[in-house]
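Here the structure comes first, spelled out in structure tokens, and everything after it is commentary.
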Amino acid sequence: MLSSFPRPLPASFTTLLGGLLLSCALAPALADDLTDGQRLMKQGQLPQALEKADAYVSSKPKDPQGRFLKGVILTEMGRSAEAMAVFVKLTEDFPELPEPYNNLAVLHAQQKQYDKARTALDMAIRTHPGYATAYENLGDVYAKLASQSYDKALQLEPSNKGLRSKQSMVRELIAASASAVARPASAARPASEAGQAGGSAKAPVARSGDRPAQ
């Protein structure tokens, strides 16, 4: 048996972290601690937001939304190892949600683990092929990987002007991505996609975990 999340509301948002977009919300749940936690996070009151998220998780430990919000807050607080643990557990418990994979990829990219970031983003896209944020982040990750490859090539052929030109273009692309303004999600996903996108995802009753997405 599967239990549904509340119906999605049209208000997920993203934030820019190291040039990659971090997902910041699943479908908002109609619960005071969760909505208060989201509001406090938006206001930059991260310790208070974390308290609300912890309270929600304590009352509803099987609901991935509270756990996901906690992971997002921990990420914003710079507690990357703890955030990563939250998102990994969510991907194990709720493999149908793409946002936890996306946020895990952002954390891997922050640590310059671009192959791991690519793998996580591939999983997000496989879970929800219409997840634009994951495609955008994957493009940024490929740009980082290209830059690393050009660096290695230039170490072997430092006089290669073609390589230097390519490296310059890739670095400009990376710089433009890092300085871009984070964009809000344009709208809630259609109900037909919600189960895959995280809006009205199904939570397995007999399994022990959830997967967060921001």
Checklist outcome for this item: Binned at 10 Å starting from 0, the alpha-carbon pair-distance distribution of the stretch 24-141 in whole percents comes out as 16, 45, 32, 7
Checklist entry - Across 5 Å bins from 0, what is the distribution of all Cα-Cα pair distances for the stretch 51-119, in whole percents? => result 3, 20, 29, 25, 15, 5, 3, 0
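Where a number appears in this text, it was derived from the coordinates with a stated rule and is not lab data. Quick caveat: nothing in here was measured; it's all calculated off a predicted structure.
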